Structures are given as structure tokens and as C-alpha cells.
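K.L.:
What follows is a structure written as C-alpha cells; I'll ask about it next.
Where a number appears in this text, it was derived from the coordinates with a stated rule and is not lab data. Bear in mind the structure is a predicted one, so any value in this text is a computation, not a measurement. Positions of Cβ are generated from backbone atoms using ideal geometry, with glycine treated the same way; all protein chains shown enter the neighbour counts.
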Amino acid sequence: MKLAVCVKRVPDSEARIKIGADGSAIDGSGVKFVLNPYDEYAVEEALKLKEAAGAGEVVVISVGPDAAQETIRTALAMGADRGVLLRSETLPLDPLPVARALAAEVKDGSFDLVLFGKMAIDDSSHAVGTMVAELLELPCVSAVAHLSVADGSGTAEREVEGGVEVVEFALPAVVTADKGLNEPRYPALRGIMMAKKKQLEVKDAGLEAGGLEVVSLSHPPERKAGRIVGEGAEAVPALIEALKNEAKVL
Amino acid sequence: MPDVLAILEQRGGTLKKVSHETLTAARHLADGLNGEVHALLIGAAGGSGDGLGTFGADKVLLAADEGLRDYQADRYAAVAASAGDYPVVVIAATALGKDLAPRVAARLGGALAADVTEVRYEDGIVVTRPVYAGKAIYTLKVTGSPCVLSVRPNAITPEQSEKAGTTEMMPVAAADPRAKTVEVKQPEKAALDVAEASVVVSGGRGLKEPENFGLLEDLAGALGAAVGASRAVVDAGWRPHAEQVGQTGKVVSPNLYVAVGISGAIQHLAGIRTAKTIVAINKDPDAPIFKVADYGIVGDLFEVVPKLTEEIRKVREG
Ligand SMILES: Cc1cc2nc3c(=O)[nH]c(=O)nc-3n(C[C@H](O)[C@H](O)[C@H](O)COP(=O)(O)OP(=O)(O)OC[C@H]3O[C@@H](n4cnc5c(N)ncnc54)[C@H](O)[C@@H]3O)c2cc1C
Ligand SMILES: Nc1ncnc2c1ncn2[C@@H]1O[C@H](COP(=O)(O)O)[C@@H](O)[C@H]1O
């Protein structure tokens, strides 16, 4: 089984975000970058599918700066076979150019399944995987929490407000991973050593600019300082009072 | 014509409340562009566009077909992309919208501004969108045309604006979807969704045991609220993932958010930043949740919550 996984390098979820001097992007210095958490589920699922099939290849693809090679190596250390970096020092906020670059890369790869995270935790567009599927006219299920694949077809479940959609599709297809799909493995030392020797091809992404122009990047307005209304059950009437007459939410 | 297409959302033939927010955003842009708002309603036959004129729809397009009763991604995307030559398409960033918006953008070859919290027209379309889990906010000018905007639920206040709202049937081509939704499993008991509710009561590890969430369900019942959870209790299997609030769960923007026995880790706070009023109940006065809470009670939740439920019932009944 041949699988592709698209992964993004993103700031760690704990990272403090500083705004760069020009006010249009973050200052990445001192920020720890990681493999996007949702992409870990996608990598894990690809590895499991390959293991279940008994043979195949898992190719990890990322669009990003040179440093995204580390991100690809993390996925290789988990067990993926080889990597491709489509190099671009900056990434547009409009997801379509990245989707086009990835679609062009996977188009002729004869992959049975192309996996994504459901969203990147930096820009949270929730879009790139679904867009790639549309560009390649492949079946696609997004935000998948349960997947089964057999005999050239698949069934996926996705959570929606107040229910779970069960979706059937034929391979080749695109799936984007939600939390709950699996438990991603940690790269073992052996995996980390082996990853260093795995093939990682680097080429230029040649991204278009996209249709969103940054006016500014700023910190959200601080929430105005709240207050402790009291201690224990005795404080409940004061809280009710505040909710009713100050916040006017009761 | 610089008309704006507003894709509305229904479930089981009932228009979702978020649709009025979508229409309001579309109306603002159409006013700036000097165009009309066309509302697209996709669903089974028998749907109605009644009342949409009140929220600013000049025209209502009904795409009705038995096969469109439940969300079918490919078919919905095909209908939306064939609705007409619209320079701007607006969708709510719900579970459905998050799936549909990028599909429509890709089909139209247009830009996508996802999960925006403000939409305005200033010599062009300007949106704001939170990034890095709400730790920063972009203000963006949408230069691409066509463009698709998905709007975060509860971020825009619906406004009435009386327009004609004339209804037109839209032809729906028969099609075999590439992927087919074969079933929509409903939970045993229908629960309000945290991302949609205007009041959310969330519990964390402070509840000690899954059974104790009964206390929160009582409080939620009194408030007409949805129950949410921290990741710690979701990972422990106490609560379903659908209830998780935060960076890797749902982002919520309710009028009132009550955090009970939740410490307020940065990833949890990422999900509640746009809540209007936050209440925290925690026994640790130094818990980070108090830094973002508008009102806090320091104390044992097992004493505070039952009392709070009782008092709220009194308010609601009185
Ligand atoms: C990549 C990543 C993504 C994450 N995404 C999310 C996410 O989406 N959502 C999320 O919630 N977390 C997320 N987390 C986890 C997060 O870091 C915290 O671990 C988690 O939020 C803690 O949950 P908690 O507040 O329930 O538990 P704890 O931190 O253990 O807090 C329990 C609180 O209960 C209080 N308490 C205990 N007993 C009582 C009592 N009797 N009465 C009153 N108060 C009491 C304690 O004082 C404490 O403050 C993520 C972590 C990572 C690394
Ligand atoms: N620059 C990128 N390189 C590779 N994959 C990406 C990139 N950006 C997004 N993706 C993939 O698309 C998913 C959704 O991202 P987004 O649409 O940006 O929220 C991510 O989880 C990745 O799997």
C-alpha cells in the first residue's frame, strides 16, 4: 500500500507568540517548533495501514522552510520511509497555494491514500487536505476519528455537531485526521538513528502568493481583569448577583 | 454583479441559528459592494426560505433534493460552486462549513479566509482571524476574487435588515458523490453542542470521577447549557471527545462559560478566549483559570456547584 502524509512545521502549542518587528508575522526566534499534532495522527495511521497491508511505502511531504526537514525527520523517526520538502521560506495564509503545490507533488505518485491533519494548529485553516482532494478530484473525508480500509475502499467516521457521519469511499482517497483516530507512537532511539539515513529530497515549492494580504498581526485584546467574588458556597449569591446585574447573562 | 452568496445550514429541515450570522456578514459585504445577498439553502425537498428576507437576503435559492437531506460533501460542493458567478461566498465555520468552505474555494480557484471573527468592507473586504490558537490575530485584506469566507459561530451578532427574500428553486444535477455519507449516527441522548451553545459548563480533573459529571449536567440543565470538558478528562475516557474544549478540541464563543475544576492550561484557554463572560470555580486560588475569569469562586466544587444549581433554578423560576 502506498501512502503519502502531508505534514507541517508549527510552533509548539505551549509557545509564547511574539510579533515580529514589521508587525506582519511572528518572531520565530526562541520558539520551539514541532510536527503539527494532528499530523502525528495522520503519520501514525499511515504507518498502521502499511503494517496491516504487510508491504508498501509511507512518503512524508512538507511545504516549508529548510528547518522543516527536522519535522520530516520526526515523521521518518516514527517509521515513515522517505521525505520530500517543498521549500518555501514563507507560507501564504491563503491555503490554496500550498494545496496546489502538494496536489502537484502527490498527483503522479500513485498513492492509495493521502493523509493530512484536520488542521494546522498555527493557521487553523482546516483546509489544505480537503483542497488537495478537490484539486485532484479524489474522494475525501475530513476530521476523521475512525477509519477502516480494505479491498480498495474505506469507511470513515467524522464527528459533527450532535452526531457522527459515516462516510464510504473508494481508493485512492484523501483523509484528514482528527484527535482520537489513534495513539501516535513516540520515535524510538533506533528510529531516530535510522531516520538520519532515510532519503529526504528537497526542491523549491514555487508557491503563488494567494489572495490574502496581511494588514497587521497583533495580540488579542487582554481580557479585562476579573475578580474573585468570594470563597466557597457562601459566595454563590454574590456570583448570581454579578451574572444577573453586571454581566447580564442570566 | 457583485452579489454575495451566503450558504446557509439546516439540519432535519430546520434552519440553524448560525445562518442568521452568516446572512448578517454577507449583508455587510453586499452593502459595501453595492450588490445583493443570495442565500443558498441546500437540503431535502420541502425546505423553506421563509423569514430569510428579514435578515437581509434579497433572494433565496433552494437546492432541494432527497439525496441532499444529510450533508453530502461532494454534492453540496457541486451545488454551491454552480450557484452562479459570485465574487464572495460566506459560510459558517461549523463542522459542515469547515468541510465545505475549502471545497468550494478549491472548485472556484479562490482564496479562503477561514474561521474569521470579523468581516467588514473598507475599500475592499477586510477580515480578522485568530491564529496560533488565539494568541495572535491577523487583520487581512482579501485581494483574491472569487473568495470564500468561513465565519466563526457566535462571533457576529445577527442584525435584521428587511429585504425581499424572494424564493427561487435551483436545479440540482443528479450526481454520484465520490464519497458518500451513508449514515448519521445520533447520540443516545441528544446533547447541545459546545460549539453552538450560548452557555457552556465545562468540567475538568477536579471532578475526581466520571460519575461526578452528574453535578455539571444538573447545572447545565438549570442554565440550558451544553456540557464541555478539559482534555484531561476526555483522555481519561470520562467524557466524549465531542465535548473537549481547547486547542485540540472545540473553540467556543458562548455568552457564558463556566469552568469547574479546570486549572486553565494554555491549550484549554485557547478554546475560550472569545467567550463573553467566564466564571471559574476552583479550590486553588492560584489556578491560571482565575487570570482569565471575569468572576471566580475559590472553593470546593462539590459544595459550590450544587448551591449554584439551586440558586440558578430559583432565578429561572422566579
Ligand atoms: C498539544 C496539546 C494540546 C492540548 N489540547 C488541549 C485542549 O484542547 N483542551 C484542554 O483542556 N487541554 C488540552 N491540553 C492539555 C492541557 O495542557 C492540560 O493538561 C489540561 O487542560 C488539564 O486539564 P484539567 O484542567 O482538567 O486538569 P488539571 O490541570 O489537573 O486541573 C484540575 C483542577 O481542578 C482543581 N480541583 C481539584 N479538586 C477540586 C475541587 N474539589 N474543587 C474545585 N477545584 C478542584 C485543581 O485545583 C486544578 O486546578 C493539551 C496539551 C497539549 C500538549
Ligand atoms: N505547509 C504545509 N506542508 C505540508 N502539509 C501542510 C502544510 N500546511 C498544511 N498542511 C496539511 O494540511 C493540514 C491542514 O492544514 P490547514 O489547512 O493549514 O489547517 C495539516 O494538518 C497538514 O496535514
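K.L.:
Check off (1) more than 7 Å from every other protein chain (Cβ to nearest Cβ); (2) closer than 30 Å to residue A:67 by Cβ for residue A:216 and give me the number that stays unchecked.
P.N.:
Checking residue A:216 against (1) more than 7 Å from every other protein chain (Cβ to nearest Cβ); (2) closer than 30 Å to residue A:67 by Cβ, the one that fails is (1).
K.L.:
Just to be sure I understand, how many residues within the stretch A:68-118 are touching a Leu at 6+ places or on another chain (Cβ under 8 Å), among the small types (Gly, Ala, Ser), under 13 Å from residue A:7 (Cα atoms) and not in a helix (DSSP H, G or I)?
P.N.:
2
K.L.:
Can residue A:23 be described as within 30 Å of residue B:147 (Cβ to Cβ), over 16 Å from the mean Cα position of the chain (by Cα), more than 16 Å from ligand 1 (Cβ to nearest atom) and in a loop (DSSP other than H, G, I, E, B)?
P.N.:
Values: within 30 Å of residue B:147 (Cβ to Cβ): yes; over 16 Å from the mean Cα position of the chain (by Cα): yes; more than 16 Å from ligand 1 (Cβ to nearest atom): yes; in a loop (DSSP other than H, G, I, E, B): yes.
Yes: the conditions hold for residue A:23.
K.L.:
Within the stretch A:134-154, take every residue that is more than 16 Å from ligand 1 (Cβ to nearest atom) and facing chain B (nearest Cβ under 8 Å) and give me the one that is farthest from the chain's Cα centre (by Cα).
P.N.:
Within the stretch A:134-154, the subset more than 16 Å from ligand 1 (Cβ to nearest atom) is A:134-142, A:144, A:146-154.
Next cut, facing chain B (nearest Cβ under 8 Å) only: A:134-135, A:137-142.
Details: A:134: 18, A:135: 19, A:137: 21, A:138: 19, A:139: 19, A:140: 16, A:141: 15, A:142: 12 Å.
Ranking the candidates gives A:137 first.
K.L.:
Shifting gears a bit: Go through the stretch B:68-94 and give me each residue that's closer than 26 Å to residue A:164 by Cα, in contact (Cβ under 8 Å) with a residue 60 or more places away in the chain and not in a strand (DSSP E or B). Lay out the reasoning, then the answer.
P.N.:
Step one: of the stretch B:68-94, the residues closer than 26 Å to residue A:164 by Cα are B:68-81, B:90-94.
Retained after the next criterion (residues that are in contact (Cβ under 8 Å) with a residue 60 or more places away in the chain): B:68, B:70-75, B:78-80, B:90-94.
B:68, B:70, B:71, B:72, B:73, B:74, B:75, B:78, B:79, B:80, B:93, B:94, listed by residue number.
K.L.:
For the stretch A:11-34, enumerate the residues that are more than 9 Å from every other protein chain (Cβ to nearest Cβ) and within 15 Å of residue B:247 (Cβ to Cβ).
P.N.:
A:12, A:34
K.L.:
Conditions: (1) over 14 Å from the mean Cα position of the chain (by Cα); (2) within 16 Å of ligand 2 (Cβ to nearest atom); (3) among the β-branched types (Val, Ile, Thr). Residue B:201 meets all but one. Number of the miss?
P.N.:
(2)
K.L.:
Find all pairs meeting these conditions: Cβ atoms under 8 angstrom apart; at least six residues apart or on different chains; first residue within the stretch A:122-133 and at the interface with chain B (Cβ under 7 Å from one of its Cβ atoms) and within 16 Å of ligand 1 (Cβ to nearest atom); second residue among the basic types (Lys, Arg) and assigned to a helix (DSSP H, G or I).
P.N.:
A:126/B:98
K.L.:
Counting just the residues of the stretch B:276-292 that are surrounded by 24 or more Cβ atoms within 10 Å (Cβ to Cβ) and under 21 Å from residue B:224 (Cβ atoms), which one comes out nearest to ligand 1 (Cβ to nearest atom)?
P.N.:
By that ranking, first place goes to B:281.
K.L.:
Quick test of your reading of the structure: residue B:203 fulfils all but one of (1) more than 9 Å from chain A (Cβ to nearest Cβ); (2) under 24 Å from residue A:118 (Cβ atoms). Name the failing condition by number.
P.N.:
Tallying (1) more than 9 Å from chain A (Cβ to nearest Cβ); (2) under 24 Å from residue A:118 (Cβ atoms), residue B:203 fails exactly one: (2).
K.L.:
With the structure loaded, tell me whether residue B:139 is at the interface with chain A (Cβ under 10 Å from one of its Cβ atoms), surrounded by fewer than 19 Cβ atoms within 10 Å (Cβ to Cβ) and more than 16 Å from ligand 1 (Cβ to nearest atom) or whether it fails that test. Give the steps one after another, and end with the answer.
P.N.:
On the way: at the interface with chain A (Cβ under 10 Å from one of its Cβ atoms): yes; surrounded by fewer than 19 Cβ atoms within 10 Å (Cβ to Cβ): yes; more than 16 Å from ligand 1 (Cβ to nearest atom): yes.
Spelling it out, residue B:139 is indeed at the interface with chain A (Cβ under 10 Å from one of its Cβ atoms), surrounded by fewer than 19 Cβ atoms within 10 Å (Cβ to Cβ) and more than 16 Å from ligand 1 (Cβ to nearest atom).
K.L.:
When residue B:271 is evaluated against the numbered criteria (1) more than 9 Å from ligand 1 (Cβ to nearest atom); (2) touching a Lys or Arg at 6+ places or on another chain (Cβ under 7 Å), which criterion, by number, is the only one it fails?
P.N.:
Condition not satisfied by residue B:271: (1).
K.L.:
What are the residues in the stretch B:220-264 that are of a type in the set (D, E, K, R) and touching a residue at least 40 places away in the same chain (Cβ under 8 Å), if any? Steps first, answer last, please.
P.N.:
Within the stretch B:220-264, the subset of a type in the set (D, E, K, R) is B:231, B:235, B:239, B:243, B:250.
Passing the criteria: B:243, B:250.
K.L.:
Also, quick follow-up: Working carefully through the options A:32, A:8, find the one that is under 19 Å from residue A:200 (Cα atoms) and within 16 Å of ligand 1 (Cβ to nearest atom). I'd like the intermediate steps shown before the answer.
P.N.:
Values: A:32 fails: under 19 Å from residue A:200 (Cα atoms).
Of the residues listed, the single one that is under 19 Å from residue A:200 (Cα atoms) and within 16 Å of ligand 1 (Cβ to nearest atom) is A:8.
K.L.:
Could you check, for the stretch A:179-195, whether at least one of its residues is in contact (Cβ under 8 Å) with a residue 12 or more places away in the chain, within 7 Å of chain B (Cβ to nearest Cβ), within 18 Å of residue B:98 (Cβ to Cβ) and not basic (Lys, Arg)?
P.N.:
Yes, that holds for at least one residue.
Every residue, every condition in (1) among the basic types (Lys, Arg); (2) farther than 16 Å from residue A:47 by Cα; (3) buried (at least 16 other Cβ atoms within 10 Å of the Cβ), yes or no:
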site	(1), (2), (3)
A:147	no, no, yes
A:162	no, yes, yes
A:169	no, yes, yes
A:175	no, no, yes
A:193	no, yes, no
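K.L.:
Now for a different question. Taking only pairs six or more apart or across chains, which ones have beta-carbon atoms under 7 Å, a first residue in the stretch A:89-106 that is within 12 Å of another protein chain (Cβ to nearest Cβ), and a second residue that is more than 16 Å from ligand 1 (Cβ to nearest atom) and among the hydroxyl-bearing types (Ser, Thr, Tyr)?
P.N.:
A:93/B:138; A:95/A:125
K.L.:
A further question follows. Would you mind stating whether residue A:40 is more than 14 Å from chain B (Cβ to nearest Cβ) and among the acidic types (Asp, Glu)? Before the answer, list the steps.
P.N.:
On the way: more than 14 Å from chain B (Cβ to nearest Cβ): no; among the acidic types (Asp, Glu): yes.
Spelling it out, it is not the case that residue A:40 is more than 14 Å from chain B (Cβ to nearest Cβ) and among the acidic types (Asp, Glu).
K.L.:
So, one more: Any residue at all in the stretch B:37-58 that's within 12 Å of chain A (Cβ to nearest Cβ) and either closer than 23 Å to residue A:135 by Cβ or surrounded by fewer than 22 Cβ atoms within 10 Å (Cβ to Cβ) (or both)? Break it down stepwise before answering.
P.N.:
Narrowing the stretch B:37-58 to residues within 12 Å of chain A (Cβ to nearest Cβ): none.
No: zero hits.
K.L.:
Kindly list the number of the only condition in (1) more than 30 Å from residue A:58 (Cβ to Cβ); (2) away from chain B (no Cβ under 12 Å) that fails for residue A:242.
P.N.:
Checking residue A:242 against (1) more than 30 Å from residue A:58 (Cβ to Cβ); (2) away from chain B (no Cβ under 12 Å), the one that fails is (2).
K.L.:
Residue A:67 - would you say it is free of Cβ contacts under 8 Å to residues at least 40 places away in the same chain and among the small types (Gly, Ala, Ser)?
P.N.:
Criteria not met by residue A:67.
K.L.:
Suppose we filter A:202, A:229 for residues that are at the interface with another protein chain (Cβ under 10 Å from one of its Cβ atoms) and more than 28 Å from residue B:130 (Cβ to Cβ); which single one remains? Reasoning before the result, please.
P.N.:
Details: A:202 fails: at the interface with another protein chain (Cβ under 10 Å from one of its Cβ atoms).
None of the other options fit; the residue is A:229.
K.L.:
Is it true that residue B:214 is of a type outside the set (S, T, N, Q), more than 23 Å from the chain's Cα centre (by Cα) and away from ligand 1 (no atom under 11 Å from the Cβ)?
P.N.:
On the way: of a type outside the set (S, T, N, Q): yes; more than 23 Å from the chain's Cα centre (by Cα): yes; away from ligand 1 (no atom under 11 Å from the Cβ): yes.
Yes, satisfied.
K.L.:
Specify the residue that is nearest to residue A:249 (Cα to Cα); the eligible residues are those in the stretch B:195-224 that are touching a Pro at 6+ places or on another chain (Cβ under 8 Å) and among the aliphatic types (A, V, I, L, M). I'd like the intermediate steps shown before the answer.
P.N.:
Step one: of the stretch B:195-224, the residues touching a Pro at 6+ places or on another chain (Cβ under 8 Å) are B:195-200, B:215, B:218.
Right, trim to among the aliphatic types (A, V, I, L, M) and you get B:195, B:197, B:199-200, B:215.
Working: B:195: 18, B:197: 13, B:199: 9, B:200: 12, B:215: 21 Å.
Selected residue: B:199.
K.L.:
Does the stretch B:221-241 contain any residue that is near ligand 1 (Cβ under 9 Å from one of its atoms), surrounded by fewer than 24 Cβ atoms within 10 Å (Cβ to Cβ) and among the hydroxyl-bearing types (Ser, Thr, Tyr)?
P.N.:
The answer is no; no qualifying residue exists.
K.L.:
May I pose another question? Consider only pairs whose beta carbons are under 9 Å apart and that are at least six residues apart or on different chains; among these, list those whose first residue lies in the stretch B:161-188 and is within 13 Å of another protein chain (Cβ to nearest Cβ) and over 17 Å from residue B:55 (Cα atoms) and whose second residue is assigned to a loop (DSSP other than H, G, I, E, B) and small (Gly, Ala, Ser).
P.N.:
Within 9 Å, the pairs are B:186/A:162; B:187/A:162.
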